[in-house]
Amino acid sequence: GFVPTAEIMLRKELSTNSFMLEIWYAIQTTMLLLPMFAQSFLYLVVFFSLSGVSANPVVFFALWAVIIMALLTFQSIGLLLSAAVKPQNLSTCAMLFVTFCFLFTGVFIRLDQTAIPWAALLNPVFYILHLAVFAVFSIDGKDFKCGNDTDDEGTTFVDSCDKDVDRQDGKISVVEIYKYYNLRTITPHIAIAALLLMFIATRCTAFLLLK
């Protein structure tokens, strides 16, 4: 992290009262974010151009806002780890945290199949995923055509594609996709509030440890 690498110079400047620690912290963390914001914007332009996710600019900027929130949250968590963990143990802690983030999302393994499903509430990726899905699918109100129904195993999305269902119209509703992947357990407002809470709590804690 940047805290150990900057510690020697920072101590010298603080000892001579060159500037306040709060000012240094705000400037350094902000300067680190600016290139990340610019790169994420360029990558998103390329992604939308190649994938054809949506032609709606609202979807583009909504997804970019989700990415910005993700960058803010994970930078704050990184600052906390840098301030709280010894440099020689930092990589191990970071890998354990990344493993936790991927495990408790409900995508790779359903949360009800894990030993502690409530741990997902502490996972920033869980909320980021919900917001990204909302931005891509719900803003445009998309639906998707059912696939080939000649397979003996039938369809995964029974409510939308099963011929025995009265409301079957040959299209898969977004709501049913959310239900299948367990992605509609929280609302966007709750996800945003949770990420803001993580951002503020980890950033302030990192600053207090730095002092």
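In order along region 202-211, phi translates into HN-Hα couplings of 6, 5, 5, 5, 4, 5, 5, 5, 5, 5 Hz, rounded to whole numbers, per the Karplus curve 6.51 cos²θ - 1.76 cosθ + 1.60 with θ = phi - 60° and x for Gly and Pro.
With both labels modelled 7 Å from their Cα along Cα-to-Cβ, the LEU34 to ASP112 distance reads 5.0 nm.
Heavy-atom accessible area for TYR180, with the other protein chains in place and a 1.4 Å probe, reaches approximately 110 Å². Annotation: peptides 33-46, 66-79, ranked by per-residue average of other Cβ atoms within 10 Å with the highest first, follow the order 66-79, 33-46.
Residues within the reach of a label modelled at ILE192 (point 7 angstrom out along Cα to beta-carbon, backbone nitrogen below 20 Å), restricted to region 114-130, are 123-130. Under the classification rounded if a/c is under 1.5, otherwise prolate if a/b is larger than b/c and oblate if not, where does region 11-110 fall, given a ≥ b ≥ c as square roots of the Cα gyration tensor eigenvalues? Judged from the Cα gyration tensor, region 11-110 comes out oblate (a/c at least 1.5, b/c at or above a/b). In this simple spin-label model, placing a label point 7 Å from the Cα along the Cα-to-Cβ direction at both THR99 and SER173 gives a separation of 4.0 nm. Here r is the Cβ-Cβ distance between ALA84 and PHE47 and R0 is 35 Å; the resulting FRET efficiency, rounded to 0.05, is 0.55.
The values are calculated or read from the model by the stated rules, or taken from the named source; none is laboratory data. Quantities reported herein were computed from a predicted structural model and do not represent experimental measurements. Don't worry about glycine lacking a Cβ; one is built from the backbone with ideal geometry, like all the others, and counts go over all protein chains shown. For the accessible areas, the whole protein counts, side chains as well, though only heavy atoms, and no ligand, DNA or RNA atoms are used. Shrake-Rupley method; radii C 1.70, N 1.55, O 1.52, S 1.80 Å.
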